[in-house]
1. Please give the Cα centre distance for the range 28-50 versus the range 115-130, rounded to the nearest Å.
2. Rounded to the nearest 5, what % of DSSP beta bridges with both residues in the range 1-115 are antiparallel?
3. Using only the Cα atoms of the range 1-102, build the gyration tensor, take square roots of its eigenvalues as a ≥ b ≥ c, and label the shape rounded, prolate or oblate: rounded if a/c is under 1.5, else prolate if a/b is larger than b/c, else oblate.
Ligand code: TYD
């Protein structure tokens, strides 16, 4: 399986909640990069690419968004609307992010540095490889 939801344990007390993401504990890869997407305009679709090797976990730490994934001819749509859940995506998976709420912040943990040569941005090319 190359996409799956990870439920994080909440360290909660009377003050509120905290979640820790730790390499090899609840994150199944070495975290080399963290980036976040925010201030996304209405009706925007982001992503529209696959990666050859990169593994990622997407966490909507504020607000909500949807992620459509496609692999081996199967599409799935995930609603990310809680900071307690992450979507793991590894392997050759086409992904599109859409329906961002106004306050959405999508945090992404990645297994490697930004490398344009790891991207497949052409959907036809993706279908040929998948
Ligand atoms: P892009 O791949 O279009 O984002 P998305 O997949 O969310 O639609 O990236 C937007 C710009 O940011 C593009 O110029 C590449 C750059 N970028 C980096 O410099 N470092 C990164 O880690 C990422 C993810 C993107």
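1. The range 28-50 and the range 115-130 have Cα centres spaced 17 Å from each other.
2. 95 percent
3. Details: a/c = 1.92, a/b = 1.25, b/c = 1.54.
Note, shape of the range 1-102 comes out oblate.
Each reported figure results from applying straightforward, stated rules to the coordinates on display, with no laboratory input. Values in this document were obtained by computation on a predicted structure and should not be read as measured data.
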